[in-house]
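*Asks:* Structure in structure tokens, see below.
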Amino acid sequence: MSVIELDRGQTVAAEQQSPRLSFFRTLRFRLVLSVALVHAVLMGAFVWSAVNKQSEAIRAELHNRAHSLITLMAVASTNALLAEDLGSLAEVTERVKQQPDVTEGAIVDVRGDVLASTDPHQVGHRLPAPPDGVVVHRRNRLRLHEQIRVAGQRVGTVFLEMSTRHLKSELAATRNEGLLFILLALVVGSVAAWVLSVLITRNLYTLMAAVRKIGGGNLGVRVELQARDEVGLLGGAFNAMAESLQRISEQVRSEHEKRTDAERLACVGELSASIAHEIRNPLSAVINSVKLLDRANLPVSDRAQAIAILNTESLRLQRILNDFLDFARIRESRLLEDDVCALIEEVASLIRQNPQAAAVRVEVECDACPCRARHDPDHLRQVLWNLMLNAVQAMPEGGNLHVRVERAGRIVRISIADNGCGIPDHLLDKIVRPFVTGRKHGTGLGLSIAQRILMQHGTSLSIVSHVNVGTEISFDLEAV
């Protein structure tokens with residue numbers, strides 16, 4: 001898998017894990033809310049101003065009607081009051097009573113006695129004479145008083161009271177109409193804003209879908225926007241960016257393939273050189289031994305020594321070739337969910353039986369048994385055998401080999417520590433490469449095989465080593 005494919009996989013995974021955008025955080029919602037609020041505020045201010053103006057107009061009209069009516073009462077009752085014509089005064093109050101919104105009307109003489117009234121029960125009673133022109137507002141009532149004067153002398157007083165319920169009902173109706181207009185403005189404004197937002201964000205959603213496709217690896221996607229506004233310019237810039245990305249991706253892919261081919265050739269050359277270097281010495285010994293055996297006068301002791309060299313070096317060549325074949329023929333790991341502690345105990349038991357580990361104390365420590373992890377049992381057995389055997393060979397005079405298994409969340413960590421000779425600093429960074437070894441008779445493929453197997457498990461070796469102190473090699477597995 002190429003680097004580009006890995007990046008694409010990570011992008012798609014990140015996109016799948018990202019939460020969806022809430023509607024209340026979208027541009028569409030904000031636009032609708034803004035337009036609706038503007039409509040509501042403007043209509044509210046307009047309705048409030050209209051209601052106030054209409055209220056003032058209605059109040060002024062009511063006051064004018066009241067003043068006109070009480071003036072007419074005073075004029076119509078002047079002569080009748082001077083003549084003390086109660087019938088005419090009663091007729092005046094009766095006409096006043098028929099006027100709209102009038103709740104009470106009365107004509108009082110200079111002494112304060114009620115001569116005529118819209119309420120017959122008040123006739124004959126005495127009322128105080130208030131100052132002329134006084135307007136008194138009571139609850140749902142407007143009460144006016146006007147004195148009747150003849151030649152500068154007060155001869156009586158006219159009382160008039162009118163209801164303001166009609167005024168309040170008209171104001172309430174106006175207010176309700178204003179609220180209805182506000183609600184209608186909200187609805188119309190919201191619908192208009194919604195249509196506008198759809199027209200604006202439709203192209204944005206098209207761009208968003210195209211961006212997601214590019215994030216998924218489809219660099220050939222393009223957008224076709226007919227808009228000639230800023231969104232249309234953004235679409236054109238997006239297409240230019242996509243073309244540039246596609247061109248760069250093709251260049252990167254081409255360069256990656258060239259680099260991969262070059263690395264493959266370099267690896268083949270390095271392996272060839274390493275194999276040639278490893279087999280050169282034993283092959284030279286074999287050739288020299290064969291030449292010695294070809295001599296007819298070769299002493300028996302020298303012949304036996306030559307045959308021993310042939311056997312030893314032939315076995316060495318065979319071991320080198322077998323290790324190389326093991327390295328080259330590693331199959332794909334088949335991961336299973338199984339206990340690793342039992343497998344480690346099995347390999348540790350085999351190590352204890354190895355003659356090279358006669359002076360080595362092998363200890364296995366497991367935090368929790370069983371400790372299940374995803375692994376290929378055959379491959380993990382080979383990894384453990386190579387690592388433990390390397391640790392044993394690093395302690396030719398004996399020592400301690402400690403294998404520890406611990407679980408931390410979703411990870412199972414396996415570490416193998418020894419107190420042997422350690423790995424030199426100049427080899428520490430490249431010890432897992434093929435044919436790199438710090439031992440005289442080692443092939444340098446044990447750690448390379450282990451590293452390749454662990455890479456198929458999604459992990460790798462972690463090595464900490466100090467010369468003449470010891471080495472600790474660890475790796476992680478996915479716990480189940």
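We did not get these values from a lab; they are worked out from the coordinates using the rules stated. Being a predicted model, the structure only gives us computed values, none of them experimental. Neighbour counts run over all protein chains shown; Cβ positions are idealised from the backbone, glycine included.
*Asks:* For F46 and T78, what is the calculated FRET efficiency with R₀ set at 56 Å and r taken between the beta-carbons, to the nearest 0.05?
*Replies:* 0.70
*Asks:* Please say if the range 28-87 is rounded, prolate or oblate, where rounded means a/c under 1.5 for a ≥ b ≥ c the square roots of the C-alpha gyration tensor eigenvalues, and otherwise the choice is prolate for a/b larger than b/c and oblate otherwise?
*Replies:* Working: a/c = 13.97, a/b = 8.12, b/c = 1.72.
It comes out prolate by the Cα gyration axes.
*Asks:* Just to verify a number: FRET efficiency for A304 and N281, C-beta to C-beta distance, R0 = 30 Å, to 0.05? Write down the numbers at each step before the final one.
*Replies:* Working: r = 21 Å, r/R0 = 0.71.
Using R0 = 30 Å, I get an efficiency of 0.90.
*Asks:* State, in angstrom, two size descriptors of the chain derived from its alpha carbons: Rg to one decimal place and Dmax to the nearest whole number.
*Replies:* Taking only Cα atoms of the chain, I get Rg and Dmax of 54.1, 184 Å.
*Asks:* So, in nm, how far is label W194 from label D378 when the simple model puts each one 7 Å beyond its Cα toward the Cβ?
*Replies:* For W194 paired with D378, the spin-label model returns 6.5 nm.
*Asks:* Based on the mean of other Cβ atoms within 10 Å per residue, sort peptides 371-377, 252-258 so the most packed one is first.
*Replies:* Details: 371-377: 20.9, 252-258: 11.7.
Averaged packing, sorted descending, gives the order 371-377, 252-258.
*Asks:* Just how many pairs of Lys in the chain have C-alpha atoms closer than 27 Å, counting pairs that are eight or more places apart or on different chains? Each step should come with its number before you reach the end.
*Replies:* Numbers: K53/K168; K97/K168; K258/K430; K291/K440; K430/K440.
Qualifying lysine pairs in the chain: 5.
*Asks:* Further, regarding this structure: For the range 195-263, I need the span (max minus min coordinate) of the C-alpha atoms along each principal axis, in Å, sorted largest to smallest.
*Replies:* On the principal axes, the range 195-263 reaches 58, 19, 12 Å in Cα extent.
*Asks:* Turning to a different aspect of this structure: I need the peptides 117-123, 89-95 ranked by packing, meaning the mean over residues of other C-beta atoms within 10 angstrom, with the highest value on top.
*Replies:* Details: 117-123: 15.6, 89-95: 19.3.
Averaged packing, sorted descending, gives the order 89-95, 117-123.
*Asks:* Let me ask something else. Stretched out fully, how many nm does the piece from R175 to N354 gain, at 0.36 nm a residue minus the Cα gap?
*Replies:* On the way: separation 179, 0.36 × 179 = 64.44 nm, distance 10.17 nm.
Here the segment from R175 to N354 would lengthen by 54.3 nm.
*Asks:* How many times 2.2 N^0.38 Å is the alpha carbon radius of gyration of the range 333-478?
*Replies:* Numbers: Rg = 14.4 Å, N = 146, 2.2 N^0.38 = 14.6 Å.
Normalised Rg, Cα atoms only: 0.98.
*Asks:* In deg cm²/dmol and to the nearest 500, what is the mean residue ellipticity at 222 nm of the chain if only DSSP H runs of at least 4 residues count, each as -39500 (n - 2.57), divided by the residue total?
*Replies:* Numbers: 10 runs with 273 residues, N = 480.
Per the formula, -20500 deg cm²/dmol.
*Asks:* Same structure again: Rounded to the nearest 0.05, what FRET efficiency do L245 and M455 give with R0 = 30 Å and r taken as the Cβ-Cβ distance? Could you check? Mind dumping the intermediate values first?
*Replies:* On the way: r = 30 Å, r/R0 = 1.00.
Computed FRET efficiency for L245 and M455: 0.50.
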